[in-house]
Every structure is written in structure tokens, then in C-alpha cells.
Amino acid sequence: MNQPLRIQAADGCELSGHLHGDPTQARAGLLLAPAMGVEQRYYADFAEWMAEQGWLVLCFDYRGMGASRAGSLKDLDADIGTWATLDAAAALDELSRQLGDKPIHWLGHSLGGQILGMVPNRHLVTRAVTVGCGSGYWRENAAQLRRYVWWLWYVVVPVALPLFGYFPGRKLRKVGDLPRGVMAQWRRWCLHRDYMMGDEGGEALRAQYAAMTLPMLSLGFTDDEFMSRRNMESLHGFYAGARPEMRRIAPNEVGARRIGHFGFFRDRFAATLWPQVPAWLQQQS
């Protein structure tokens, strides 16, 4: 079953989501939190596959993204904190409503794994999986990204945001269109050694992350063009209480030439990478 639905955030903003699976038959729920600039439809094949394994999967778009985009991004007042504390929180509440007392798991791709500790109702999550998730601190980025990312942070973004009123990523062929507040906050994070913890209120946020004790699995890839091993270790170090299990997979281990930052969700990995998620979730239960 693939059912579109509208999700209302606490401030009244309507978000687009899709439910994959049958709430009455599912053993548990899985909230799929997207990467920066990635629409929910990108995850549909994986979501359908997980539904076939017995999970009720909810995919959604953050406000201003994909099917949740309404009107001009110039008029949207939102940052990454908004996406976490309002949008992801609303999606989590919706999945909880659909499931009743069945457990809920979190799967975060890149940014979707970074923000879990910011979500106010994160206590609803019993287990978490991150995919291609790490700190965005630019000096620790994968070598091929470091070659040009400084140009993005020190030249492109400072010029584009006041000029356009949002980040015109589609025109620039970088990331995708993003609200001004999202890109400005992400830039601050990526320029600071402590990433999100270097922003205002970082010490309280660090304690908030460290207090989480749920089981956590990190799936990373040796050929990730964005995230280095150090990026991944740094970000998951914030989840100190969870003591994440770190798996760093080389393409040749699964008979592939390439996985990269986005490849995990391609259906060619349905027989190799995808089964690691339900297997680990079942093992933890």
C-alpha cells in the first residue's frame, strides 16, 4: 500500500508524506528522514521494499522541499532547526498515531541522521539507523569535496542568499533549492569544527544528543564523495550515549563498483545492502 497523506506541523504548516505498508499488519514503523535537498520520492523503492518486510514506512518532505513546497522560497522563514523541531516531529507524531503502541524506528539519510537529537519527541524512537551520515565540517570532508566546497561557503552562498532571497541550487547545480535560513544555518555549521554544536545553544544541544541511549547503526561507504571516515566518526560521537555501531562498507564487498553518498537507496542494492537494515532492527528487538 502506498498512501499519500498530509501532515500538519505544530505551527500549522502542511507537509506532504507517503505511507508505505499496512498499519494493521506492520510489526513496527520506520520514519525515513531525508537528506538535504532530497525529495521523499527518491526513497520510494526502499520504502516499498521495507513495507514488504513488515514495516510501516513514512516518507515526507521538509517544508519548502518537494511536494511540501508551496509558493516562493523567498517567503519561507525556516532553518534546519525548523525541519527538525516542527517537520520531523510532526511526521513522527503521525507515524505514532498510525501505529498505536507498536515501536517506531528512525532511518536518517545524511542530514536526516544528523537531526534526530534535535527532534523534541525523539523519545518515540526505539532504534535508529543512519545512512551516509556525518558532520559537514568542511576541513574534514572527503578530499574530492574539499577541493571546491570552500568556494561554496565563502563565495557562492554569501553572494546568492542576499541576491535571490533563497539558495538557487537548481540553477547552480548544487544541492537543490533551499530556504535562506536552511542554507545560512548549514553554512555556519559546516564552517565550525564542532558542526551543529558550534552554533548558538551548542552546549545544551551536545548534552541533549549525548543523553540518547537508543541502539544506533551507522552505514557508511568508503567511496562516499561527501563524507570521510572522520566526518562520520565526528557526528556519531555526538550520540555518545547510544554508542553507535559503525559499519563502513566498500563497494567490492557487495559486488558493486560504486555506492557513494546516494547509492544505498537504488534498487540494485535490494539484495545486498538493504537487508542489513531489517536484519539489524530485528536483532536489536
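The values are calculated or read from the model by the stated rules, or taken from the named source; none is laboratory data. Values in this document were obtained by computation on a predicted structure and should not be read as measured data. Neighbour counts are summed over all protein chains in view; Cβ atoms, including those assigned to glycine, are modelled from backbone coordinates with ideal geometry.
Listed values, structure above:
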{"item": "Residue match in the stretch 218-232 (condition: closer than 25 Å to Leu124 by Cα and not in a strand (DSSP E or B))", "result": "yes"}
{"item": "Residue match in the stretch 207-221 (condition: of a type outside the set (Asp, Glu), at pLDDT below 95 and surrounded by 16 or more Cβ atoms within 10 Å (Cβ to Cβ))", "result": "no"}
{"item": "The stretch 112-133 residues that are of a type in the set (Phe, Trp, Tyr), paired with ones that are modelled with pLDDT of 95 or more (beta carbon under 7 Å, 6 or more apart)", "result": "none"}
{"item": "Subset of the stretch 143-191 [outside any helix (DSSP H, G or I) and either under 24 Å from Thr222 (Cα atoms) or among the hydroxyl-bearing types (Ser, Thr, Tyr) (or both)]", "result": "Tyr166, Lys174, Val175, Leu191"}
{"item": "The stretch 222-232, residues that are touching a helix residue (DSSP H, G or I) at 6+ places or on another chain (Cβ under 9 Å) and either of a type in the set (Gly, Ala, Ser) or buried (at least 18 other Cβ atoms within 10 Å of the Cβ) (or both)", "result": "Asp224, Phe226, Met227, Ser228, Asn231"}
{"item": "Among residues of the stretch 186-229, those that are under 21 Å from Arg258 (Cβ atoms) and not hydrophobic (A, V, I, L, M, F, W, C), counted", "result": "8"}
{"item": "Test: Leu191 is closer than 24 Å to Ala78 by Cβ and either modelled with pLDDT under 95 or surrounded by 14 or more Cβ atoms within 10 Å (Cβ to Cβ) (or both)", "result": "yes"}
{"item": "Filter result for the condition that a residue is free of Cβ contacts under 8 Å to residues at least 60 places away in the same chain and part of a loop (DSSP other than H, G, I, E, B), over Gly71, Gly64", "result": "Gly71"}
{"item": "Members of the stretch 112-142 found to be of a type outside the set (A, V, I, L, M, F, W, C), part of a helix (DSSP H, G or I) and buried (at least 16 other Cβ atoms within 10 Å of the Cβ), listed by number", "result": "Gly112, Gly113, Gln114, Gly117, Arg122, Glu140"}
{"item": "Residue check, Arg41 in a helix (DSSP H, G or I), modelled with pLDDT of 95 or more, of a type outside the set (Asp, Glu) and within 26 Å of Pro179 (Cβ to Cβ)", "result": "yes"}
{"item": "Single residue of Gly181, Gly241, Gly201 found to be within 24 Å of Arg63 (Cα to Cα) and either among the acidic types (Asp, Glu) or free of Cβ contacts under 8 Å to residues at least 60 places away in the same chain (or both)", "result": "Gly201"}
{"item": "Candidate set from the stretch 237-254 (those that are out of contact with any helix residue (DSSP H, G or I) (no Cβ under 8 Å at 6 or more places or on another chain) and either among the β-branched types (Val, Ile, Thr) or part of a loop (DSSP other than H, G, I, E, B) (or both)); member that is modelled with the lowest pLDDT", "result": "Arg243"}
{"item": "Flag if Gln53 is out of contact with any strand residue (DSSP E or B) (no Cβ under 9 Å at 6 or more places or on another chain), on the phi < 0 side of the Ramachandran plot and in contact (Cβ under 8 Å) with a residue 24 or more places away in the chain", "result": "yes"}
{"item": "Subset of the stretch 2-21 [surrounded by 13 or more Cβ atoms within 10 Å (Cβ to Cβ) and part of a loop (DSSP other than H, G, I, E, B)]", "result": "Ala9, Cys13, Gly21"}
{"item": "Residue ID - nearest to the chain's Cα centre (by Cα), chosen from residues in the stretch 101-139 that are among the charged types (D, E, K, R) and either at pLDDT below 95 or under 18 Å from Asn231 (Cα atoms) (or both)", "result": "Arg139"}
